[in-house]
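The values are calculated or read from the model by the stated rules, or taken from the named source; none is laboratory data. Quantities reported herein were computed from a predicted structural model and do not represent experimental measurements. Cβ placement follows ideal geometry from the backbone for every residue including glycine, while neighbour counts extend to all protein chains displayed.
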Amino acid sequence: MAIHLLALETSSARCGVALLRQTGASTEVLTRHHDGVAEHSEKLLGMIDALLAEAGLKAAQLDAVAFGQGPGGFTGLRVACGVAQGLGFALGRPLLPVTTHEALERPLRDHPAEWRLLVQDARMDERYVAIARRREAAGLAHWRQSPVLLPAAHLGDWFAEWCAEQALEIVTAAWLVAGDAALAEAPLPAGLPVWREPLQPSAAAVAEVGLLRWQQGVRLDAAAAHPLYVRDKVAFTSRERAAGAGGNPRAAPGIRNP
């Protein structure tokens, strides 16, 4: 029996759609993407229709819809989540949320490093950071730190503090630092190996992670879907400004999501 998953990824400037079909031990992934800021809502539905037509499928044949949950651009996250919810409600299908860092880590699954520090541009001199542990290429990575927002300049200090709190000795050969183009501008922890090729979250990676979640029995009702913003404070209140606060509210070193 075949499994068909549709995947949507719009957290960055790239709008991507993937259609994954698994039949027995065979897996096929078809993709479409479009590069263009503020064009996701205009392009996404047409790309979905084109991909289904290429595969010779009707939307009713989909088993689930995976979507890039974030973090990332606010508007893009709402587009992917909203379209996924619409399809979920219309077709009566479950959703499979996939974080941006999970999609970024997916191409690295064969790398021998056990620990991965994933860094993503959050604009305004900030970075979204997450930490994963992977002991084998197959399956999902184990996320030891969910995405957190940090000032770019504090990344090295935050990493050292995180390892100390985990009582984790920093053995450089056990780590890999990877991320998008902003990685080159971040003060990275000294001595850690760096994946120099910039990574971008892809719909194909969202589909692959979504399939693994599906196989684990994960199912999310469309009504419960939501974007993962991480940056939930983008401006100071009037009282904070009157007290002298200004600029962009930044996460302090050591602050992490539960």
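Among the residues of segment 7-48, what is the count of those that are of a type in the set (D, E, K, R) and surrounded by 13 or more Cβ atoms within 10 Å (Cβ to Cβ)? Within segment 7-48, residues that are of a type in the set (D, E, K, R) and surrounded by 13 or more Cβ atoms within 10 Å (Cβ to Cβ) number 6.
All conditions but one from (1) modelled with pLDDT under 95; (2) touching a His at 6+ places or on another chain (Cβ under 7 Å); (3) among the basic types (Lys, Arg) apply to ARG123; the one that does not is (2). Cβ-Cβ distance below 6 Å, separation of 6 or more or different chains: which pairs start in segment 33-44 with a residue that is free of Cβ contacts under 8 Å to residues at least 40 places away in the same chain and within 13 Å of ARG78 (Cα to Cα) and end on one that is assigned to a helix (DSSP H, G or I) and not small (Gly, Ala, Ser)? What qualifies is SER41/VAL79; LEU44/VAL83.
Please indicate, with yes or no, whether at least one residue in segment 189-198 is modelled with pLDDT of 95 or more, in contact with a Gly (Cβ under 7 Å, 6 or more places away or on another chain) and not aromatic (Phe, Trp, Tyr). There is no residue in segment 189-198 that is modelled with pLDDT of 95 or more, in contact with a Gly (Cβ under 7 Å, 6 or more places away or on another chain) and not aromatic (Phe, Trp, Tyr).
Would you confirm whether or not segment 160-167 contains a residue that is part of a helix (DSSP H, G or I), surrounded by fewer than 18 Cβ atoms within 10 Å (Cβ to Cβ), touching a residue at least 40 places away in the same chain (Cβ under 8 Å) and not aliphatic (A, V, I, L, M)?
So the first thing to find is which residues in segment 160-167 are part of a helix (DSSP H, G or I), and the list is 160-165.
Pick out the ones that are also surrounded by fewer than 18 Cβ atoms within 10 Å (Cβ to Cβ) and you get 160-161, 163-165.
Those left that are additionally touching a residue at least 40 places away in the same chain (Cβ under 8 Å): 161.
This time we only want the ones that are not aliphatic (A, V, I, L, M), so: 161.
Yes.
Does ASP63 qualify as being of a type in the set (Asp, Glu) and either more than 17 Å from GLU208 (Cα to Cα) or crowded, with 23+ Cβ neighbours inside 10 Å (or both)? When the stated conditions are applied, ASP63 does not pass them. Each residue in segment 172-219 was checked for being outside any loop (DSSP other than H, G, I, E, B), of a type outside the set (Lys, Arg) and buried (at least 19 other Cβ atoms within 10 Å of the Cβ), and 16 of them qualify. Checked against the criteria, THR172 counts as farther than 22 Å from VAL65 by Cα and of a type in the set (Ser, Thr, Tyr).
In segment 196-214, the residue that is farthest from the chain's Cα centre (by Cα) out of those that are closer than 20 Å to GLU126 by Cα and touching a residue at least 12 places away in the same chain (Cβ under 8 Å) is PRO198.
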